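These notes concern the structure reproduced below.
The values are calculated or read from the model by the stated rules, or taken from the named source; none is laboratory data. On a predicted model such as this, the values are computed, not experimentally measured, just so you know. Positions of Cβ are backbone-derived with ideal geometry, glycine not excepted, and every protein chain shown enters the neighbour counts. When the accessible area is computed, the model is the full protein with side chains, heavy atoms only, and any ligands, DNA or RNA have been set aside. Shrake-Rupley method; radii C 1.70, N 1.55, O 1.52, S 1.80 Å.
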Amino acid sequence: PQRYFLDSETMIIETAGGISFYDVSAGADATVCINRIGSEETESYNFIKEDKTVKGRYIWVYKNTANNEFGMYTFDKEGNILSDFTLGLSADGTIGSVSYHNGIAYFSYHQYYAGQRVYSENYAVDARPESDHVLQAGAW
């Protein structure tokens, strides 16, 4: 499992199948899970980023093992899901660098064949809850 501190009051533990949220503020029982996102079809891809312009809002890039695609959750520090959507990109590829600004996620995607990169593209996606989450290729 991976452990992260979102801030001085919230710790998350990332395991197979999701993210568990713990209140680690003074006086709280830090052993009690306060929320969890993900499912048995969710495999961690180890990208959790805070929005650089809207503090307290996060994205998590994950692999959906049911359809072998990458997906993305947006959530707040209490673990409330703001949006959950697939990216339409095969999980046989890899996600490169990820950045998150004002509700827009920017990332690179690469596919390899026999150890050689055969496809690479930079994408942006509006990850805000009210968005249709359409990928924009060549966005940066």
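For (1) touching a strand residue (DSSP E or B) at 6+ places or on another chain (Cβ under 8 Å); (2) not in a strand (DSSP E or B), each residue gets a yes or a no:
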{"residue": "Ala26", "(1), (2)": "no, yes"}
{"residue": "Glu40", "(1), (2)": "no, yes"}
{"residue": "Glu43", "(1), (2)": "yes, no"}
{"residue": "Lys52", "(1), (2)": "yes, yes"}
{"residue": "Val61", "(1), (2)": "yes, no"}
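Taken together, Thr42, Thr31 contain a single residue that is out of contact with any Asp or Glu (no Cβ under 9 Å at 6 or more places or on another chain), open to solvent by less than 20 Å² (accessible area, probe 1.4 Å), among the hydroxyl-bearing types (Ser, Thr, Tyr) and more than 17 Å from Ser99 (Cβ to Cβ), which is Thr42. Listed by first and then second residue, the pairs with beta-carbon distance under 6 Å, at least 6 apart or on different chains, first residue in region 93-106 and of a type in the set (S, T, N, Q), second part of a strand (DSSP E or B), are Thr94/His110; Ser97/Ser108; Ser99/Tyr106. Against the conditions (1) of a type in the set (Ser, Thr, Tyr); (2) part of a strand (DSSP E or B); (3) at pLDDT below 95; (4) within 16 Å of Ile13 (Cα to Cα), Thr86 satisfies every one except (4). The single residue among Thr74, Thr94 that is surrounded by 13 or more Cβ atoms within 10 Å (Cβ to Cβ) and modelled with pLDDT of 95 or more turns out to be Thr74.
Would region 108-126 turn up any residue that is under 11 Å from the mean Cα position of the chain (by Cα), of a type outside the set (Lys, Arg) and surrounded by 14 or more Cβ atoms within 10 Å (Cβ to Cβ)? Even if it seems obvious, please write down each step before you answer.
The first filter runs over region 108-126 and keeps only residues under 11 Å from the mean Cα position of the chain (by Cα), leaving none.
Within region 108-126 (the criterion being under 11 Å from the mean Cα position of the chain (by Cα), of a type outside the set (Lys, Arg) and surrounded by 14 or more Cβ atoms within 10 Å (Cβ to Cβ)), the answer is no, since none of the residues qualifies.
For first residues located in region 1-15 and at pLDDT below 90, partners that are open to solvent by less than 30 Å² (accessible area, probe 1.4 Å) and assigned to a strand (DSSP E or B) and lie 6+ apart or on another chain with Cβ distances below 6 Å form the pairs Gln2/Glu14; Tyr4/Ile12.
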